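These notes concern the structure reproduced below.
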Amino acid sequence: MHIKTSNVRVFRKTVPVATLTSLVIFLGWILAGVTAQAANLITNPGFESDPPGETQTIYGWTRYGLGNTYSETGATARTGTNFFKVYQGFNSATNFNGIYQDYLSTPTTVYAAEGWAYTRSTDTLAGQNVAWIEVTFRDPTAKILALYRSAVITTNLIASGAFPKNTWIKLAVTNQCDPVSLTITNTVTSLVAPSGTSYVRYQIVLRGDVNNSNGSLYFDDLVLDQTAAGASNWNLVWNDEFTSNSINTNVWSFETGDGSVYNIPGWGNNELEYYTARSQNAYAANGVLHIVAQKETFGVKSYTSARMKSQSRFTKKYGRFEFRAKLPAGVGFWPALWMMPEASAYGPWPASGEIDIMENNGNSPTNVQGTLHYGSPGNDSYATQVFTLPGGSVTNFHTYTLEWSTNAVLWFVDGLLYESQTNWFSSNGSYPAPFDQPFYIIMNLAIGGNYVGNPSPAAINGSIFPGEMQVDYIRVYDQTAPLKLSITKTNGGVLLSWPTNIVCHVQAQTNTAGGSASTNWVDLTNATTPFLTVPGSSNALYRLKSP
């Protein structure tokens, strides 16, 4: 955006405060920092979101190889009407073709994976072509940390009848393999994310032979189940849940005007709005921030909106930045969630960098985009990717996440990784400059401008006004020591303590007898660490809640 539900993580302890002779400790963990997912993480697992017929529009999936990957419609589908077809690249060399999805993950998270495969008697896999399903766990730079595969479908298996033609066969991903040698080292039922995991990849692979052999494999009803949450060292270190009925001015300030303060009217983008700090353009209500674009004459402009920033109030270098937001649809709307450097350590834009977490052209409500800007002063270099929401629209709430580390920046939508960048530069610093400095957050809803194609006022006025970008929350995570509640027995009672660098607060439950451990929790609103509990007549259960 420049030129161009509350998770609970608890360490729960039942403390018999009446007699301090014993401490009965119960541990309960619910992962914080990763959006809760349905059992099957796969987006578009049966390809039913795809257009009918034969198409290479395969929503939610990234295609790779020589392009011989298709969504097909027909009676062959195992369920529904669609299935996936892949065959080799016919380039007289060993080649790989298929599709994959990447999902946000954390170490020790446990998965199970499978899928259904099929070869047709009139298009049977031939020669030395082989295919399989695999799951890999990767660090932010895409390095494979662990590799699991299904049985490999070969022409020998087909010829022997072990993989019969014209029959859907379930392939379970159970073979643990060495990531370097690819040899099978173990047979397992659970796939466990190792230390250093940033994301998990589910992948369909067809390896074509040098003889240009024919034959296709079909896949349908693909599954990647998360069976157990992992222990993560990603913890919430800053957030704004917008639960107050006013915008927190200790965190946010407003940029106002038409950009001419920087001698670049239209904010350097030919934008058509006038930004204000009025409640008509930005307000918080019912736990949601509203940034509102109005069609009204203000100054010399025909539209108003708001542009909020955390500059000089909150900055961060590296971490995981998560926004839950919904956007307006319509010609001329340009909502953005992005970051700029607190200090231009490497010179004027874009030499000091810019990180666009999410921006959208309101005329394309199924697409969002993530971008890095860098280079030399006045000479923009950038790396970017557009993501198509699988069967959805920006007018619904989605979670937009950016993971930023020393040498990698990753973009996710609803936990699905769609972009990864590891290469950039600044003319005035060595890699990883410029993305090695603290950045601040900006949220704005522009009207018109270069990014949306400079539509005419007449075209923009055909959109529905007012238009709103709504932000449910912003959460920033960092890799810290574990979030846990520590307990110490003292002469006067029990002393509870917890981390101060993690956003959390302590809760208590006193009616534990015969009750549910998940209900009747009360915030100890005035409790600060360390917190002294005193002997009483009943037991108490304590936990930490984040955020």
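The values are calculated or read from the model by the stated rules, or taken from the named source; none is laboratory data. The model shown is predicted, which means the values in this text are computed figures rather than measured ones. Cβ coordinates were reconstructed from backbone atoms using ideal geometry, including for glycine residues, and neighbour counts include every protein chain displayed.
Kindly indicate whether Thr371 is of a type in the set (S, T, N, Q), surrounded by 22 or more Cβ atoms within 10 Å (Cβ to Cβ) and farther than 17 Å from Leu104 by Cα. Here the answer is yes, as Thr371 does meet what is asked. Would you mind stating whether Thr297 is assigned by TED's automatic domain parsing to the domain that holds Asp258, on the phi < 0 side of the Ramachandran plot and buried (at least 22 other Cβ atoms within 10 Å of the Cβ)? Here the answer is no, as Thr297 does not meet what is asked. If you check Ala351, Ala345 for being surrounded by fewer than 23 Cβ atoms within 10 Å (Cβ to Cβ) and assigned by TED's automatic domain parsing to the domain that holds Thr401, only one passes: Ala345. Taking the stretch 450-470 as the range and being small (Gly, Ala, Ser), under 29 Å from the mean Cα position of the chain (by Cα) and not in a loop (DSSP other than H, G, I, E, B) as the test, only Gly467 passes. If the condition is being under 30 Å from the mean Cα position of the chain (by Cα) and either of a type in the set (Val, Ile, Thr) or part of a loop (DSSP other than H, G, I, E, B) (or both), then the stretch 127-165 contributes Ile133, Val135, Thr136, Asp139, Pro140, Thr141, Ala142, Lys143, Ile144, Ser150. Ser364: surrounded by 18 or more Cβ atoms within 10 Å (Cβ to Cβ) and in a loop (DSSP other than H, G, I, E, B), yes or no? Judged against the criteria, Ser364 is not a match. Among the residues of the stretch 70-110, those that are surrounded by fewer than 17 Cβ atoms within 10 Å (Cβ to Cβ), more than 20 Å from Phe137 (Cα to Cα) and of a type in the set (Ser, Thr, Tyr) comprise Thr76, Thr79, Thr81, Ser92, Thr94.
Results for (1) surrounded by fewer than 16 Cβ atoms within 10 Å (Cβ to Cβ); (2) in a loop (DSSP other than H, G, I, E, B); (3) in contact with a helix residue (DSSP H, G or I) (Cβ under 7 Å, 6 or more places away or on another chain), shown as yes or no for each residue.
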site	(1), (2), (3)
Ser381	yes, no, no
Gln385	yes, no, no
Gly392	no, yes, no
Thr401	no, no, no
Ser420	no, no, no
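Just one of the numbered conditions (1) surrounded by 14 or more Cβ atoms within 10 Å (Cβ to Cβ); (2) within 30 Å of Gln421 (Cβ to Cβ) is not true of Val180: (1).
Say whether the condition of being modelled with pLDDT of 95 or more, assigned by TED's automatic domain parsing to the domain that holds Gly319 and within 13 Å of the chain's Cα centre (by Cα) is met by at least one residue in the stretch 370-384. Looking through the stretch 370-384, at least one residue is modelled with pLDDT of 95 or more, assigned by TED's automatic domain parsing to the domain that holds Gly319 and within 13 Å of the chain's Cα centre (by Cα).
For the stretch 41-61, filtering for residues that are surrounded by 15 or more Cβ atoms within 10 Å (Cβ to Cβ) and of a type in the set (Val, Ile, Thr) leaves 3.
There is no residue in the stretch 298-313 that is in contact with a His (Cβ under 7 Å, 6 or more places away or on another chain) and modelled with pLDDT of 95 or more. Every condition in (1) closer than 30 Å to Ala306 by Cα; (2) not in a strand (DSSP E or B) holds for Asn239 except the one numbered (2).
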